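Written out below as structure tokens is the structure these notes cover.
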Amino acid sequence: MKDGLNAVSAQRIASAISQVYPDFAVEQFLQQIDIGLASLELKQRVNHFIDVLAKYLPQDFAACHATFIQLKPHWDYGNPEDPLRSFAAWPVTDFVAKYGIDNPDLAFDCLRYLTSLFSAEFAIRPFIEKYPELSAKYLSQWVTDEDYHVRRLISEGTRPRLPWGIRLQDFCLDPKPNLALLEQLKDDDSEYVRRSVANHLNDIAKDNPDIVIEICKRWQKDASSNTQWVIKHACRSLIKSGHPQVFPLLGFTKSPKLLAEDLSLLNTQLTLGDTLTFTVQLTSTSMSNQKLAIDFVIYHMKANGQLSAKVFKLKELSLKSKASIELTKQHKMKAITTRKYYSGKHQVAIQINGKEVLIKDFNLKVPD
């Protein structure tokens with residue numbers, strides 16, 4: 001992803017800025033950007049771009065504001081085939097966060113304008129922390145903005161646990177200040193906005209699950225299909241964690257009657273990079289149909305020898321009375337950047353409507 005900020009991105013930034021700020025030293029800017037860029041990771045590149053921009057933009061943030069709010073007609077949106085083309089605007093929005101922090105009104109104006117180029121969800125968070133009342137004022141005004149990018153910024157920018165963003169601890173403790181905003185966005189015309197609302201609620205559920213259950217119960221009354229989708233997507237972490245109230249909320253059978261007959265592993269001796277293949281057989285013992293959320297859990301060995309659970313979605317289905325089903329899943333035990341693997345005993349388990357019903361051991365070898 002770091003390649004989303006490269007020499008081409010720098011040229012796009014310089015071209016747009018120079019058309020509205022003629023004193024911008026394009027060649028010097030590009031030369032400075034190139035120094036050491038290849039060795040930097042993504043967030044380091046963002047900060048590098050910001051630092052170089054600061055050398056060639058006015059020191060007065062009001063002048064920067066005057067430049068930034070004219071950029072869009074001159075912006076090169078990049079190659080439509082490039083999924084990272086919007087990254088070029090990331091340093092511009094984060095420049096506002098760094099150099100506009102003492103000019104919040106001008107900064108909010110910039111962020112509202114720029115967020116359609118690259119979401120200002122990261123840049124707005126320092127202002128939410130430093131100016132909570134002013135932030136609330138602007139967000140409440142923007143909730144009916146005609147630009148769906150701005151409406152999404154309201155939800156995404158205030159997410160308590162936004163990935164890659166500053167964690168908003170006050171909202172982790174008490175999410176209530178954001179609930180009225182989410183209420184107005186839950187049935188938004190834009191799926192982009194609705195998905196953000198669902199992700200926001202999923203964040204809240206990690207710290208305040210009962211609040212999310214209560215909201216979803218209330219929203220379910222006369223819910224449109226859009227809102228129903230938001231509710232289901234918002235509850236995905238609650239499903240994985242087995243929260244008892246979420247299953248009847250989403251129409252799953254509260255206490256399934258099942259015979260969990262077998263969980264078989266194709267191979268119990270794996271090396272990192274191999275695929276874990278397992279099959280589970282389930283039979284209904286109920287006289288009526290049952291709606292099931294079936295997940296599987298991988299218990300990974302940690303450095304201290306303890307096991308840590310990670311839940312994955314397997315299947316949602318309706319099982320008829322006395323019917324049986326066999327499910328097979330392949331899960332690649334591959335190296336990823338967010339987990340360090342250790343050799344030793346691991347486990348795979350089957351979880352149905354939040355309750356673990358079967359578990360088997362397997363051994364994973366991690367090459368030196």
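The values are calculated or read from the model by the stated rules, or taken from the named source; none is laboratory data. Bear in mind the structure is a predicted one, so any value in this text is a computation, not a measurement. Please note: Cβ atoms are built from the backbone with ideal geometry, for glycine as well, and neighbour counts cover all protein chains shown. Note: areas computed on protein heavy atoms with side chains; ligands, DNA, RNA excluded. Shrake-Rupley method; radii C 1.70, N 1.55, O 1.52, S 1.80 Å.
The table below lists the values:
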quantity: Where Lys329, Lys232 fall by accessible area, highest first, once all protein chains stay in place (1.4 Å); calculated: Lys232, Lys329
quantity: Average Cα contact separation per residue, the chain, under 8 Å, 6 or more apart, as relative contact order %; calculated: 10
quantity: Options Leu168, Thr285, Tyr192, ranked by Cα towards positive dipole end of the chain, top entry (Cβ charges); calculated: Thr285
quantity: Region 187-329, accessible surface, carbon-and-sulfur percent (1.4 angstrom probe); calculated: 45
quantity: Set of aspartates and glutamates near Lys186 by C-alpha distance (under 14 Å), chain-local residues within fewer than 8 positions excluded; calculated: Glu156, Asp222
quantity: For the chain: accessible area per residue (Å², 1.4 Å); calculated: 49
quantity: J(HN,Hα) series, region 262-275, from Karplus relation 6.51 cos²θ - 1.76 cosθ + 1.60, nearest Hz, glycine and proline x; calculated: 6, 10, 10, 10, 5, 8, 9, 10, 10, 10, 3, x, 6, 10
quantity: Among 251-257, 351-357, the order from most to least packed when residues are scored by Cβ within 10 Å on average; calculated: 351-357, 251-257
quantity: Whole-percent carbon and sulfur share, accessible surface of region 32-146, 1.4 Å; calculated: 50
quantity: Tyr192 accessible area, assembled protein chains, probe 1.4 Å, Å²; calculated: 100
quantity: Shape call, region 244-287: gyration tensor on alpha carbons, a/c limit 1.5; calculated: oblate
quantity: Accessible-area ranking of Trp219, Trp229, largest first, probe 1.4 Å; calculated: Trp229, Trp219
quantity: Interchain or long-range residues, amide H under 5 Å from Asn289's placed H; calculated: Ser321
quantity: Cut-off 12 Å between beta-carbons: net charge of the residues surrounding Glu316, Lys and Arg +1, Asp and Glu -1; calculated: +4
quantity: Vicinal HN-Hα couplings computed from phi for region 328-342 (Karplus, 6.51 cos²θ - 1.76 cosθ + 1.60; Hz; Gly/Pro x); calculated: 10, 9, 10, 10, 7, 8, 10, 5, 9, 6, 8, 9, 9, 8, 10
quantity: Sorted largest first, extent of region 1-158 alpha carbons per principal axis (Å); calculated: 42, 35, 28
quantity: Antiparallel content of DSSP bridges confined to the chain, in %, to 5; calculated: 95
quantity: Unit charges at the beta carbon, dipole of the chain: most positive-side option, Asn178, Ser224, Met301; calculated: Met301
quantity: 5 angstrom amide H check on Leu276, placed H, neighbours 5+ away; calculated: His331, Lys332, Met333
